[in-house]
Amino acid sequence: MGERITITTADGSFEAYVARPAQTPAAAVVVIQEIFGVNQVMRDITDGLAGQGYLAVCPDLFWRIEPGIDITDQSDAEWKRAFELFNAFDVDAGVQDIQATIDEIRKHPDCNGKVGAVGFCLGGLLAFLTATRTDADASVSYYGVGIENRTAEAEKLARPVLLHIAEEDQFVPKEAQAAIKQALAIHPQVTIHTYPGRDHAFARMGGAHYHEGDARAAGERSLAFFNQHLG
């Protein structure tokens, strides 16, 4: 279903994986990667959104470090590499690359002009920053790491954002969750869903903490959110 496109910025070019829906033109969704690159999990999510009627695109946000990262969560060596990439990643440059992706896909002949974003883990933080810093029409964040340090950016929120928070997230401790809720729960553009008993990456199929029921519930909420705001 997917193909590759090249996105050019002032800093250089990077690839993105694109999946097209059966009916076009359609709204687009930018899929923002975890710390494992544009791997099979991200491509499957992109394909799944296309199956739901969206033009979906997953940009290679690690290109400034090393293009084409495609690893899994299945070995210690891959986890080690993933955290090296996470620590080397420039968040601000990443958001700029997401804006470049939004600009590119918005003018795509199969796009109707509406563009949303959904991100996971590192991508969950980037999805929140996409909502505060870009012109995306709607954004969804799954278990974003570090949002508690960026809540002041909510004053720039002009478009809706949905947050999925795992209550037992090992990378987003209880204090961080409380800070996020206190700062954002009353914001008119923010919707928060929490998942009792769930750990980080509960929606990553095949992952150690995958939970089918709550992954499905979060997916249905995300789809309804996009249908509402990108329809």
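A compact table of results
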| read-out | value |
| --- | --- |
| Mean separation of Cα contacts under 8 Å (6+ apart) over length of the chain, as relative contact order % | 16 percent |
| Packing-based exposure ordering (other Cβ within 10 Å, fewest first) of D60, D70, D76 | D76, D70, D60 |
| Stretch gain in nm, segment D92-T72, where the contour uses 0.36 nm per residue and the Cα spacing is subtracted | 4.7 nm |
| Whole-Hz ³J(HN,Hα) from phi, Karplus 6.51 cos²θ - 1.76 cosθ + 1.60, for the stretch 8-15, glycine and proline x | 10, 10, 5, 8, x, 10, 9, 9 |
| Gaussian network model of the chain, Cα within-10 Å springs - most flexible of I180, I65, I98 | I65 |
| Reachable lysines from K181, criterion Cα separation under 22 angstrom, eight or more residues apart if same chain | K156 |
| Magnitude of the charge dipole, the chain, Cβ model with Lys/Arg +1 and Asp/Glu -1, debye to 20 | 620 debye |
| Cβ-based charge dipole, the chain, positive-most Cα from H108, H209, Q189 | Q189 |
| Furthest towards positive pole of dipole, I32, Q228, F120, structure part the chain, Cβ charges | Q228 |
| Among (1) 8, 36, 40, 15, 1; (2) 7, 25, 26, 19, 13, 7, 2, 0, 0; (3) 8, 31, 34, 18, 8, 2, 0, the entry derived from the coordinates for P(r) over Cα pairs in 10 Å bins from 0, in percent | (1) |
| Antiparallel DSSP beta bridges within the stretch 2-226, percent to nearest 5 | 35 percent |
| Interchain or long-range residues, amide H under 5 Å from V29's placed H | L55, A56, V57, G116 |
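The numbers here are math on the coordinates, done by the rules we state, and not lab data. Note that the coordinates shown come from a computational prediction; the quantities given were computed from them, not determined experimentally. Quick reminder, even Gly has a Cβ in these numbers, built from the backbone with ideal geometry, and neighbours come from all protein chains shown.
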